[in-house]
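The values are calculated or read from the model by the stated rules, or taken from the named source; none is laboratory data. Please read all numbers here as calculations on a predicted model, not as lab measurements. In this analysis, Cβ positions are derived from the backbone assuming ideal geometry, glycine residues included, and neighbour counts consider all displayed protein chains. The accessibility values were calculated without ligands, DNA or RNA, using every heavy atom of the protein model including side chains. Shrake-Rupley method; radii C 1.70, N 1.55, O 1.52, S 1.80 Å.
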Amino acid sequence: MTRREMLTMCRNGFGGVALMGLMGSSAFGKIIKQAAPSGPHPLAPRPSDLVPKARSIIFLYMDGGVSQVDSFDPKPRLAKEHGDSPYDKFTVDATQFNSIGTILKSPWDFRRYGESGIEVSDLFPHVGECVDDLAVIRSMVADFPEHTNANYFLHTGIGIQGRPSMGAWINYGLGTENQDLPGYVVLDGGLIPPGGLDNFNSGFLPASYQGSIFRAGDTPLANIEPKEPTSELQRRKLNLMSRTDNHLLGRIGNSDQVESAITNYELAYRMQVSVPELTDLSGETEATKRLYGMDSSEPDTRIYAAQCLLARRLVERGVRFIELTCPNVKADRWDQHANLKDGHERNAFAVDQPIAGLIKDLKARGMFEDTLVIWAGEFGRTPFAQGTNGRDHNPSAFSIWLAGAGIKGGTVYGATDEYGYRAIENVTTIHDLHATMLHLLGLEHEHLTYRFSGRDIRLTDVGGNVIRGILA
């Protein structure tokens, strides 16, 4: 068969090839956005008939493991038995470092806030003012007592390296509402958690769904400023790269790596215009900046305040999933194996006002109803001391909270024992949290799957139940 004969026979298939290319292009994404702004990504599984409550998620990641008995789960018995041996009170599990001291009372008092009267420690007076908007879960458990595996479990639903992050799953399932910004953004406050960038990776999903890391400061991304003297020259270079990649794609056939590279090059080009405008906070009012704490005397508070304000601006622009990591305070994250009081106070002072400012600002702008805010670490801490003045890791009980879209505020869900050591009522898993997040986005967690290694895999693995008790 000659080439001319082949082209004649295949001419009717060219339209289908063109359509496939168009469906993967940014132009088609804009058509989909205009036709159905809240609809699914064209290449992702169709969501169920759930009515979505949330359009975006802001995940406030408390790296290191906040102590539940010093934050959102008061335990008066610890004060009564302070200094006693825990072995005389309950069965003590092995801990990460097995330096088990005596029962340690909380250095902070708890106060009741709001109409709900939920008790919050003096570490979080600003968040306490927002307690009627929060659903506090006191019965979370984790599968791993060590940071790296626990971080993978929290972020990807499985405690090993190489799986897609929850942000990547959401980006895959729903796509982005803004063609000029990534659908999944990580705001790096200065500390990448144990486990590294794999916490934000796309795993076996196409690379275009991975998290884009924005650093704190004036230059959030490398090479965000155009290097070419004119936009026309830059566009011509990008077109040359695209032609080269497409030529390779034509030779090797379907390739997620090459297609993702083409998509990412195009997005990077558009981000050179959108990101500088996004990160320029000069247009925000002074009152808004003060609300978040950008006028604080503490540098770490100013860093986290800017990140929270930037998260709100990302939600305004249609970004689906935004994660904030902790600022680089001198306290080594929330991981206080010693010097609990100073370490937790430093961390709390850095994040308390900015988080409360974020909630108040979202409410004032009418964005709270469709933005889900989640505050969580990878596990909790023991009610007894490590050494004399620290707490070791505790995966058997910890506290998190959710607020915003579809959440019943002023709610406490679940409970721990009298020492805050183990969850005993409405025990809640990371898979349950992920299932609830997807549910509020209008996705059925059992149906959001991706075929890999011979089976359909999902974020919630083979578990997960929606936490109905915290839903409005």
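Quick look at the values:
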quantity	calculated
Glu177 within 26 Å of Thr411 (Cα to Cα), open to solvent by 10 Å² or more (accessible area, probe 1.4 Å) and touching a strand residue (DSSP E or B) at 6+ places or on another chain (Cβ under 9 Å)	no
Members of the stretch 375-391 that are among the hydrophobic types (A, V, I, L, M, F, W, C) and part of a strand (DSSP E or B)	Trp375, Ala376, Phe384, Ala385
Qualifying positions in the stretch 430-447 - in a helix (DSSP H, G or I), open to solvent by less than 10 Å² (accessible area, probe 1.4 Å) and either in contact with a helix residue (DSSP H, G or I) (Cβ under 8 Å, 6 or more places away or on another chain) or in contact (Cβ under 8 Å) with a residue 40 or more places away in the chain (or both)	Ile430, Leu433, His434, Thr436, Met437, Leu438, Leu440
Test for Asn389: is it open to solvent by less than 10 Å² (accessible area, probe 1.4 Å) and closer than 30 Å to Gly101 by Cβ	no
Cβ-Cβ under 6 Å pairs, at least 6 apart or on other chains, the stretch 403-422 side closer than 15 Å to Pro74 by Cα, far side outside any loop (DSSP other than H, G, I, E, B) and acidic (Asp, Glu)	Gly414/Glu425; Ala415/Glu425
Flag if Leu372 is closer than 19 Å to Ala142 by Cα, part of a strand (DSSP E or B), in contact (Cβ under 8 Å) with a residue 60 or more places away in the chain and open to solvent by less than 50 Å² (accessible area, probe 1.4 Å)	no
The stretch 354-369 - residue that is of a type in the set (Gly, Ala, Ser) and open to solvent by less than 10 Å² (accessible area, probe 1.4 Å) and, of those, farthest from Glu425 (Cα to Cα)	Gly357
Criterion: open to solvent by 10 Å² or more (accessible area, probe 1.4 Å), touching a helix residue (DSSP H, G or I) at 6+ places or on another chain (Cβ under 8 Å) and at positive phi - qualifying residue of Gly157, Gly196, Gly162, Gly211	Gly162
The stretch 317-360, residues that are among the aromatic types (Phe, Trp, Tyr) and either within 15 Å of Phe124 (Cβ to Cβ) or part of a loop (DSSP other than H, G, I, E, B) (or both)	Trp334, Phe349
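Residues are listed down the side, and each one gets a yes or a no for (1) more than 19 Å from Ile213 (Cβ to Cβ); (2) buried (at least 23 other Cβ atoms within 10 Å of the Cβ):
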residue	(1), (2)
Arg313	no, no
Glu316	yes, no
Glu323	no, yes
Val329	yes, yes
Asp342	yes, no
Arg346	yes, no
Phe349	yes, no
Asp352	yes, no
